Amino acid sequence: MIDLKDLEYSELEEFLLGMGEKKFRALQIFKWLNAGVTDFDEMTDISKSLRARLSEVSFISVLEIAEKYVSALDGTVKYLFRLPDGNCIESVVMRYHHGLTICISSQVGCRMGCRFCASTIGGLVRSLTAGEILDQVIFAEKDMGERISNIVLMGIGEPLDNYNNVIKFLHNVNDERGKNIGYRHITLSTCGVVPGIYALAEEDLPITLTVSLHAPNDRIRNEIMPISRKYSMEELMNACAAYHDRTKRRLSFEYSLISGVNDSLRDADELAELIRPLRAHVNLIPVNKVEERSYRKGSRSEINAFLERLTERGINATVRRELGSDIAASCGQLRKRAGGITEE
Ligand code: SAH
């Protein structure tokens, strides 16, 4: 059985041709799928017999809202979605002046092991299918009753560790016959999977790439991000430069400020030298609390001092606004759950 949302539009056409149907049926079905139908019988403009035949060879994946939290501080919404196999993932919808942005997951759990992140606790269960990644947008939008205009692939999982499904998802969510979300409104965040960065550069998708750097050198990065032992800082910077050259897109870096680990002014100086050639933007994220971890953020003045030092050195940097902190919806706080019950 195939999930119809795992197919790109052209594949859906072929699939229908293979069933002896006309190509234009694809348009009808693609629209229904993107509108969030959960049953073939909701597809009222296709015949009963085709609906019956479709349900014999394919299915429509559905994400159930297992839990929903709304931040009293800023209106951020966090969904705990139950996947068809019972696993649960989280997605977050944030309201900005330009509209709604959704932060979506790409995997159930994560195997990257970043020391400060809740998403990797308990490791990786499995990657999401392209359909399940898209479903987060479809079902959050359906529930919100409002268009979602921006996507950040910054939820649970490492998108470049689920490369093919993420690329397929990007094609589908961008398709003008479906959600029609422009590539320029999509940001993909990676912890630095170097081969994935080179591959992504060849896809010719004008999305924004952001790299979770979190350290100005190999010594500190090795301590907090296991991926750093696989790909050195030099290899990572070369990949970023190649990405920039190939795509002409400005990339950005995320830098979680962890008190006493990577937030000294010397670290800021070293960071500025490291990334200067890339002319990249830096998003500073005061590290968010994760129950199982002892890392903590510095004071407001320490964070500002770091920011000012980068700015003085000619680096374009901002401190990311913390949203949904009362519902554990901030960066690094999303986690997989089993059957809707928090794993301890
Ligand atoms: N795996 C991808 C996508 C996750 S994006 C990546 O690593 O980029 C989530 C962002 O939040 C990443 O930059 C991640 O490093 C950061 N993050 C993780 N834990 C955090 C924490 N406790 N506080 C602040 N940021 C955190």
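The values are calculated or read from the model by the stated rules, or taken from the named source; none is laboratory data. Treat the numbers as computed from the prediction; the structure is a model and nothing was measured. Every residue, glycine as well, gets a Cβ built from its backbone with ideal geometry; the counts of neighbours run over all protein chains shown. Heads up: the accessible areas ignore ligands, DNA and RNA and are worked out on the full protein's heavy atoms, side chains in. Shrake-Rupley method; radii C 1.70, N 1.55, O 1.52, S 1.80 Å.
Go through the stretch 135-144 residue by residue and turn each phi into a ³J(HN,Hα) via Karplus (6.51, -1.76, 1.60, θ = phi - 60°); whole Hz please, and just put x for glycine and proline.
The phi angles translate into 4, 4, 5, 4, 7, 5, 5, 4, 5, 6 Hz.
Would you please put 101-108, 330-337 in order of how densely packed they are, using the mean number of other Cβ atoms within 10 angstrom per residue and starting with the highest?
My ranking of the peptides, most packed first, is 101-108, 330-337.
Can you list, largest first and rounded to whole Å, the semi-axes you get for the stretch 276-330 by taking the square root of 5 times each eigenvalue of its Cα gyration tensor?
Three semi-axes, in Å: 25, 13, 10.
List, in order, the whole-Hz ³J(HN,Hα) value for each residue of the stretch 207-212 obtained from phi through the Karplus relation with A = 6.51, B = -1.76, C = 1.60 and θ = phi - 60°; use x for Gly and Pro.
7, 9, 9, 10, 10, 6
Taking a cut-off of 30 Å between Cα atoms, list the lysines near residue 22, but don't count ones fewer than 8 places away on the same chain.
5, 31, 48, 142, 168, 179
What accessible area per residue comes out for the stretch 1-143, rounded to a whole number of Å², with a 1.4 Å probe?
Counting only protein heavy atoms, the per-residue value for the stretch 1-143 is 42 Å².
Take the alpha-carbon centre of the stretch 282-328, take the same for the stretch 1-77, and report the distance between them in whole Å.
The stretch 282-328 and the stretch 1-77 have Cα centres spaced 41 Å from each other.
Can you pull the percent of the stretch 263-342's accessible area that's carbon plus sulfur, 1.4 Å probe, other chains left in place?
The nonpolar share, carbon plus sulfur, comes to 49 percent.
Straight-line reach from residue 78: which aspartates and glutamates have a Cα under 13 Å away, not including same-chain ones fewer than 8 places off?
Cross-link targets: 67, 90, 141, 143, 326.
What Kirkwood hydrodynamic radius, in Å, does the chain give when the mean of 1/r is taken over all pairs of distinct Cα atoms and then inverted?
One over the average 1/r among Cα pairs gives 21.0 Å for the chain.
Antiparallel as a % of all DSSP beta bridges within the stretch 93-161, to the nearest 5?
65 percent
Using protein chains only and a probe of 1.4 angstrom, how many square angstrom of residue 15 are accessible, to the nearest 10?
Counting only protein heavy atoms, the figure is 50 Å².
Once the Cα atoms of helix 300-312 and of the chain are each reduced to a long axis, what angle between those two axes, in degrees from 0 to 90 to the nearest 10, is obtained?
Roughly 90 degrees, rounded to the nearest 10.
How much mean residue ellipticity at 222 nm does the chain get from its helices, if each DSSP H run of length 4 or more adds -39500 (n - 2.57) and you divide by all residues, to the nearest 500 deg cm²/dmol?
My calculation for the chain gives -10500 deg cm²/dmol from helical runs alone.
Please report the carbon-and-sulfur percent of the accessible area for the stretch 100-219; probe 1.4 Å, protein heavy atoms only, DNA, RNA and ligands left out.
Here carbon and sulfur together make up 46 percent of the probe-accessible area.
Quick check: convex hull over the Cα atoms of the stretch 139-227, volume per residue in Å³, rounded to an integer?
Spread over its residues, the Cα hull of the stretch 139-227 gives 114 Å³ apiece.
Let me know the charge dipole size of the stretch 204-273 about its Cα centre in debye, to the nearest 20, where only the beta-carbon of Lys, Arg (+1) and Asp, Glu (-1) is charged.
260 debye
For the stretch 187-339, what is the accessible area per residue in Å² when the probe is 1.4 Å?
45 Å²
If you plug each phi of the stretch 233-240 into the Karplus form 6.51 cos²θ - 1.76 cosθ + 1.60 with θ = phi - 60°, what whole-Hz ³J(HN,Hα) values come out, in order, with x for Gly and Pro?
Ordered by residue, 3J(HN,Hα) equals 4, 5, 5, 5, 5, 5, 5, 4 Hz.
Using only the heavy atoms of the protein chains and a 1.4 Å probe, how would 43, 19 rank by accessible area, largest first?
Sorted descending by solvent-accessible area, the residues read 19, 43.
Of 293, 229, which has the most accessible area and how do the rest follow, probe 1.4 Å?
Ranked from most to least accessible, the order is 229, 293.
Pick out, from 188, 199, 303, the residue whose Cα sits farthest towards the positive end of the charge dipole of the chain, with +1 on the Cβ of Lys and Arg and -1 on the Cβ of Asp and Glu.
Positive-end residue among those listed: 303.
Of the peptides 217-228, 63-74, 249-260, 153-164, how do they stack up when ordered by the mean number of other Cβ atoms within 10 Å, highest first?
So the order, starting with the most tightly packed, is 153-164, 249-260, 217-228, 63-74.
For the Cα atoms of the chain, what angle does the longest principal axis make with the long axis of helix 25-35, in degrees from 0 to 90, nearest 10?
For helix 25-35, the angle is close to 50 degrees.
For the chain, give me every cysteine whose Cβ has no other Cys Cβ within less than 4.7 Å, ordered by residue number.
If one checks each Cβ against the other cysteines of the chain, 88, 103, 110, 191, 240, 331 turn up with nothing under 4.7 Å.
How many percent of DSSP beta bridges within the chain run antiparallel, rounded to 5?
45 percent
So how tilted is helix 194-203 from the main axis of the chain? Cα-based, degrees 0 to 90, rounded to 10.
Orientation of helix 194-203: about 50 degrees from the principal axis.
Placing +1 at every Lys and Arg Cβ and -1 at every Asp and Glu Cβ, with all other atoms neutral, what dipole size does the chain have around its Cα centre, in debye to the nearest 20?
I would put it at about 520 debye.
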